[in-house]
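The values are calculated or read from the model by the stated rules, or taken from the named source; none is laboratory data. The model shown is predicted, which means the values in this text are computed figures rather than measured ones. Cβ: placed from backbone, ideal geometry, glycine included. Neighbour counts: every protein chain shown. Each accessible area value is taken on the protein alone, full model and side chains, heavy atoms only, with ligands, DNA and RNA left out. Shrake-Rupley method; radii C 1.70, N 1.55, O 1.52, S 1.80 Å.
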Amino acid sequence: MSRFRFLHAADIHLDSPMKGLRQRFSDDSVIERLDNKPNRKALDNLVELALREKVAFVILSGDLYDGSWKDSGTGHYMLRALSRLTAKNIPVYYVAGNHDADSVIIKELPMTAEIHKFPSKKPSTKIIEELKVALHGLSFETKSINNNVIPDFPSPEPGYFNIGILHTSLEGNYENHISYAPCSTTDLINKNYDYWALGHVHKHKIIHQDPWIVYPGVLQGRNIRETGASGVCLIDVEDHEVKEVRFVPCDVLRWEEVTIDLTSITSWEDMLDLAKSAFERAIENSGGYLLLVRCILTGATSLNDRILASHDLVDDISALLHPLNGDETVIALEKIECKTTLPQKELNQSQLSALDEALDDVLKEEHLSVTLKKNLTPLLTLLPHQIDKTMYEEEAFEELVGKAARALRFQLSQQDK
């Protein structure tokens, strides 16, 4: 009876910059942990896991790097980490993805024979004779592969456990990711391999079993689009059959969305109480990780206009976190996103206001709308943080103006009191 275990990871994006995050966090300890390149620690965790689990080999399915290195320190760190594996007779097999394609990485460090990169000209095969394993892989030559390369992959080796390695969007599963090396699940199934080790999609997904088609996901979440646990997959094989695919976290901090439903909530204090309870639950479920949270306010509430107009909302929500953190920061606020609405009765009444009617007329006139958009540029910077100014650039101008109008109306009503 033959048994072995291997580790499958992808999308390490080593030294990927945490763009713009310094401006989002006021806590120095959080900024320090972000500056310390958490994906380096996640890579260390991957290596330690592989050593601890005594895996037979490691597969990395593309995007080891985020692009060409700013300095050689990035490549040296990767080589040192992988060399810890080969020193214990654990070979590494990897392909380049769109971020670390041959045309992107200007300089590569010399790898040893135990760290094998699959070429980019055409898919090739690497045999591990003692395990009767055949690995078939293809690296990206340029940043983009727009054609289906699966027909070019070799036929499975008879009597071997066959693994395909590819960085691909896999049609219908790339979500927010650009489509690269598109192919279908049926294409992969019909290749008659035993396991497809995929990369590119940053969420862990098991697309199919028998054969197994697996995305391990990103190794370390880098922004709010990469929420939840991040890590690798451990695969147990017995007599050329996959017995178990186990996801194991390797991350050191996590991004989470905390949604607070304010339906029927009428007081600011009740809103803050709900928020505090939601943050406490998030910490309880965090497993001890540092949480970087986006607070999303939803629901139909009479507080809607006050929320939109408030310049104190961020401070009030942030203040809830201080007693929860204690001596060490365990939760930090990345952003507040406001998706609340007015209750229908109040909404209908407000639609009668002269301000709403005037705005409706302006927005219906294309020329006036363009002029308004141009003239509002300096004004929008003065809006509270919870009004998402990115809508200004994302063809959601009418929604942005509507929120701004509601905030303005509330502020004017407060002045009249």
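Just a few scattered comments:
- Which of ILE224, PHE247, TRP212, positive extreme of dipole for segment 203-270 (C-beta unit charges): ILE224
- Protection proxy ranking, peptides 208-218, 251-261, average beta carbon neighbours within 10 Å, highest first: 208-218, 251-261
- Integer Hz, Karplus 6.51/-1.76/1.60 couplings in order for segment 96-102, x for Gly and Pro: 8, x, 6, 7, 10, 4, 4
- Amide H contacts of TRP196: GLY164, TRP212, ILE213, VAL214, each under 5 Å away and 5 or more positions distant or on a separate chain (H built 1.01 Å from N in the peptide plane; Pro and chain starts excluded).
- For segment 298-315, Karplus couplings with θ = phi - 60° (6.51, -1.76, 1.60), whole Hz, Gly/Pro x: 10, x, 8, 9, 5, 7, 3, 5, 5, 4, 5, 8, 6, 9, 9, 4, 4, 5
- Exceedance of the 21 Å cut-off in Cα-Cα distance is limited, within the set LYS132/LYS191; LYS126/LYS191; LYS345/LYS403; LYS276/LYS335; LYS117/LYS205; LYS54/LYS107, to LYS117/LYS205; LYS54/LYS107.
- Amide H contacts of HIS116 (H built 1.01 Å from N, in plane; Pro and chain starts excluded): VAL92, TYR93, TYR94 sit under 5 Å, all sequence-distant by 5 or more or on other chains.
- Under 5 Å, built H, 5+ apart or other chain: amide partners of THR341: GLY299, ALA300, THR301
- Carbon + sulfur, % of accessible area of segment 85-155 - ligands and nucleic acids excluded, 1.4 Å: 52
- Taking all protein chains into account, the per residue accessible area for segment 1-141 stands at 46 Å² (1.4 Å probe).
- Table column - 3J(HN,Hα) (Hz), segment 256-270, Karplus curve with 6.51, -1.76, 1.60, x for Gly and Pro: 9, 9, 10, 9, 10, 8, 9, 3, 6, 6, 10, 10, 4, 5, 5
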